[in-house]
Amino acid sequence: MKGWIVVAGLGPGAEALVTPEVSAILAAATDVIGYIPYVARVPDREGLVKHASDNRVELDRARHALELAASGRRVVVVSSGDPGVFAMASAVFEAMEAGPADWRELDLRVLPGITAMLAAAAAVGAPLGHDFCAINLSDNLKPLDLVLKRLRLAIEGDFAMGFYNPRSRSRPGQFDRVLEVLREGCEPERLVVLARAVSTPEQSVTVLPLADLRAEMVDMRTMVILGSSLTRRVGRFVYTPRSA
């Protein structure tokens, strides 16, 4: 049996936002590998083996997937959102680069998904309607000083920004540092979108000025979008003009 490996995005939460392409590949898989809550989103069925693991073992998970595919299994590595945005696609290629040469000849594909950033933006209008960037605020894989440097440069460039992983229980004070940098470089009335559990039944979306933002308002399920200096409201919507 010829094996293959697909790295797939499950979208931000709603089953309607899983692409038909991803649904079809899951139906053909023998094995699904991923972080525990993401694997739980894949329905059980006969012939499917599910391999769930903790969120801090991405490279071990990637190596396991490559080993299974090399042995002839049909493997889907699942991520939430898009697998290429702060997720498993990069980890799989990192493991491939460090592994046996024959792993590079495997039948491997990456299937896109809808990111939390795009789902959150759509929930309020078009805050990412002009130039924007995405920044992962976690310092698990890079130092906080580098996070803050990139943040300052993005402010200087007047980008709208999407912030992933803003505040966890293990680093509750880190977002306060981020807020200090934002307040140093942005006007108090700069619009901020807080989209928690976007696309799920628990979704909540709040729009507020930067001056009113407090660290305790966000957690790891919150997507934070900071507008550019031109981002504005129109009725109940938020958008960034296409010309700037």
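The values are calculated or read from the model by the stated rules, or taken from the named source; none is laboratory data. Nothing here was measured: the structure is a model prediction, and the numbers come from that model. As a convention, Cβ positions derive from the backbone with ideal geometry for all residues, glycine included, and neighbour counts pool all protein chains shown. SASA here: full protein model, heavy atoms, side chains in, ligands and nucleic acids out. Shrake-Rupley method; radii C 1.70, N 1.55, O 1.52, S 1.80 Å.
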DSSP bridge orientation in the chain - percent antiparallel, rounded to nearest 5: 40 percent
Using the Cβ atoms and a cut-off under 9 Å, what net charge is assigned to the surroundings of Y35, where Lys and Arg are +1 and Asp and Glu are -1? -1
Based on DSSP, what percent of beta bridges with both residues in segment 1-121 are antiparallel, to the nearest 5? 5 percent
Determine the relative contact order of segment 1-105: mean sequence separation of Cα pairs under 8 Å and six or more apart, normalised by residue count, in whole percent. 38 percent
Checking the a/c ratio against 1.5 first, then a/b against b/c, what shape does the Cα gyration tensor give for the chain? prolate
Antiparallel DSSP bridges in segment 112-244: what percent, to the nearest 5? 70 percent
Carbon plus sulfur fraction of accessible area for the chain, probe 1.4 Å, in percent: 53 percent
Enumerate the residues in segment 32-68 having an amide nitrogen under 13 Å from the point lying 7 Å beyond the Cα of E94 toward its Cβ. 56-63
Relative contact order %, the chain, counting alpha carbon pairs below 8 Å whose residues are six or more apart: 20 percent
Nearest-0.05 FRET efficiency for I36 and E184 at R0 = 35 Å, using Cβ-Cβ distance, is 0.35
Quick check on packing: order 230-238, 99-107, 12-20, 187-195 by the mean number of other C-beta atoms within 10 Å, highest mean leading. 187-195, 12-20, 230-238, 99-107
At 1.4 Å probe radius, can you tell me the per residue accessible area of the chain in Å²? 50 Å²
